[in-house]
Amino acid sequence: MTRKLAVAALLAGAGIAAQHAHAQGGSVPNYPERPIRLVVGFPPGGATDILARILSQYLPESIGQPVVVDNRGGATGTIAAAMVAKAQPDGYTIMMVPSGPYTISASAYEKLPYDAVKDFAGVSLLVWVTNVIVVPQNSPVKTLQDLIRLAREKRGQVTFSSSGPASLHHLSGEVLKRLTGTEMIHVPFKGAGPAMVALAGGEVTYGFTSMPSAVPLINANRLRPLAVTSEKRMPALPCTPTMREAGVPPPPGLDIREWYGVIMPARTPAAIVNKLNAEMVKVYQRPDVQKRLTEMGAEFVGSSPQEHSKQLANDVRIWAKWVKEAGVRVE
């Protein structure tokens, strides 16, 4: 082979390698070319839906395509997650998930049609949300200690609501039972919205729920907050004590707050994941969105895709221990 031909062959090979690298992790200049479906595994009204609609409102301004929220409630978000896991990894089907049901379901369900770690790619952990223990406004229970005394006096008669079996709100109630040596009955609902309506109507004694779901009903004097699950008081509920201040500190190593983030099917090109990550973080950094988050009891994070995927795997491991100890199983 002549020197000229050798150089030509080398350049051709380099061009092919560059094209391959571009396809694997480079830019995707025409994405998106059509609307993006943002799946929510719960009915409207809960924190997952509220946070998803922030993206659907502002994300189209920067990506040039509509973002359509698709509420697919049922089985604590696992039906929607199964659908997203099987979707084409092309960036047009994404999902807003709360950490609790997503990571807890991995060990609470007998069998899932997807692997919570291997079948998804994290886009961004967008916010941490504090949960709050609430009772109906007309309840005689005024403090967390009042609730514990009631549960001990009326063993097996106190009920607590949740957004569904194996949700963080469900597991939080089970953890509270273990911490206080009480017996309380779990009453699951199909999402935080329906759970809060039932609680405000006095159908259950108390419930754990996210602050974005509870604060409007607290401000409307339909619910009374007893304690927040964070280590510090929240600006949206400054007079509400933490669980630690109320005399029931969470177990070491267990964070009863909840993160919310966006996931996509595994094998989605890195360029698409990175593009959506950057644009979603910009949305949540908007001053008006930041103000709204504070009012809701949410704290902005905006992690990288790699950090989000690591958090997913870590939480699946941590909650597996508590699911086993609490004996929570979903058929």
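The values are calculated or read from the model by the stated rules, or taken from the named source; none is laboratory data. Computed from a predicted structure; not experimentally measured. Backbone-built Cβ (ideal geometry, glycine too); neighbour counts: all protein chains shown. Heavy atoms of the whole protein, side chains included, go into the accessibility calculation; ligands, DNA and RNA do not. Shrake-Rupley method; radii C 1.70, N 1.55, O 1.52, S 1.80 Å.
For the criterion of being of a type outside the set (A, V, I, L, M), surrounded by fewer than 21 Cβ atoms within 10 Å (Cβ to Cβ) and within 23 Å of residue 53 (Cα to Cα), residue 177 fails. Taken over segment 282-307, the criterion of being more than 20 Å from residue 49 (Cβ to Cβ), assigned to a helix (DSSP H, G or I) and open to solvent by less than 20 Å² (accessible area, probe 1.4 Å) is satisfied by 305 alone. Pairs meeting the criteria (first residue in segment 50-66 and without any contact (Cβ under 8 Å) to a residue 24 or more places away in the chain, second residue open to solvent by less than 60 Å² (accessible area, probe 1.4 Å), beta carbons under 8 Å, at least 6 apart or on different chains) are 53/69; 56/38; 56/67; 56/69; 60/67.
When the helices (runs of 4 or more DSSP H) confined to segment 39-142 are screened for residues that are charged (D, E, K, R) and open to solvent by 10 Å² or more (accessible area, probe 1.4 Å), those reaching at least 2 such residues are found at 47-63. Just a yes or no: is a residue in segment 25-34 β-branched (Val, Ile, Thr), modelled with pLDDT under 95 and in a loop (DSSP other than H, G, I, E, B)? Yes, because at least one residue in segment 25-34 is β-branched (Val, Ile, Thr), modelled with pLDDT under 95 and in a loop (DSSP other than H, G, I, E, B). Residues that are touching a strand residue (DSSP E or B) at 6+ places or on another chain (Cβ under 8 Å), within 22 Å of residue 129 (Cα to Cα), of a type in the set (Gly, Ala, Ser) and open to solvent by 10 Å² or more (accessible area, probe 1.4 Å) occur at least once in segment 187-202. Take the conditions of a type in the set (A, V, I, L, M, F, W, C), open to solvent by 30 Å² or more (accessible area, probe 1.4 Å) and not in a loop (DSSP other than H, G, I, E, B) and apply them to residue 150. Does it pass? Here the answer is yes, as residue 150 does meet what is asked. Could you please find all residues in segment 53-84 being of a type in the set (A, V, I, L, M) and closer than 24 Å to residue 278 by Cβ? The answer is 54, 55, 59, 63, 67, 68, 69, 84. For beta carbons closer than 9 Å, sequence separation of 6+ or different chains, a first residue in segment 317-331 that is modelled with pLDDT of 85 or more and a second that is part of a loop (DSSP other than H, G, I, E, B) and crowded, with 19+ Cβ neighbours inside 10 Å, the qualifying pairs are 323/166.
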